[in-house]
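The values are calculated or read from the model by the stated rules, or taken from the named source; none is laboratory data. Keep in mind it's a predicted model, so treat the numbers as computed, not measured. Note that each Cβ is placed from the backbone with ideal geometry, even for glycine, and that neighbours are counted across all protein chains shown. Note: accessible area is taken over every heavy atom of the protein model, side chains too, but ligands, DNA and RNA are not part of it. Shrake-Rupley method; radii C 1.70, N 1.55, O 1.52, S 1.80 Å.
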Amino acid sequence: MNLRFDRHEIGITADLSELAKVRSWVRTVLGGFPASVVATAVMVVDELASNALRHGRAPYHVRLLPSAAKVRIEVDDGSGETARRRTPSDQGGRGLLLVERCAAAWGQLGRPTGKTLWAELTTDPGAHG
């Protein structure tokens, strides 16, 4: 496996069509990881980014920080409002529950200009997630 363990970042606009670009970007950045890790990362990034676009505000940034043991995913938005799990319904509410079930760890950090939601995935396809 030939991977570059760098910080990768992409900015996105508030248009929900940006999610397809982000999913493609994740597949490219994590192309050397096992397929199950890439698929889980795509799903988690999609959930975190779509939540940011729906409930947050600009500016939006997505970061991937891969390493040998884990992939850390970070999604920034400009809203200081805390993200929280909602009760699932026909209108949604499953995103953060899905992230919680797929990630080894997840959380959020408040920043002076908004917040960062993050999730860490193990790179061992047989482990959690």
Fill in the blank from the handout: So, with points 7 Å from each Cα along the Cβ direction, the Arg84-Ala68 label distance in nm works out to 4.2
Practice task
Quick one: compute the contact order of the chain, relative version, from alpha carbon pairs under 8 angstrom and 6+ residues apart, as a percent.
Solution key: 26
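Which of the peptides 44-57, 67-80, 11-24 is most tightly packed, and how do the rest follow, judged by the mean count of other Cβ atoms within 10 Å per residue?
Working: 44-57: 20.7, 67-80: 18.4, 11-24: 13.9.
So the peptides 44-57, 67-80, 11-24, ranked by packing, come out 44-57, 67-80, 11-24.
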Fill in the blank from the handout: Of every hundred units of 1.4 Å-probe accessible area on the chain, the number belonging to carbon and sulfur atoms, as a percent, is 51
Fill in the blank from the handout: FRET efficiency (Asp124, Glu100; Cβ distance; R0 22 Å; to 0.05) is 0.70
Handout entry: Approximate spin-label separation Thr113-Arg54, in nm, with each point projected 7 Å along Cα-to-Cβ
Key = 2.6
Fill in the blank from the handout: Counting only protein heavy atoms and rolling a 1.4 Å probe, one gets per residue an accessible area for the chain in Å² of 53
Problem - Mean residue ellipticity (222 nm) of the chain, computed from DSSP H runs ≥ 4 via -39,500 (n - 2.57), nearest 500 - result: -10000 deg cm²/dmol
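Would you please classify the overall shape of the chain from the alpha carbon gyration tensor, given that a ≥ b ≥ c denote the square roots of the eigenvalues, rounded means a/c under 1.5, and beyond that prolate means a/b larger than b/c while oblate covers the rest?
Verdict is prolate for the chain.
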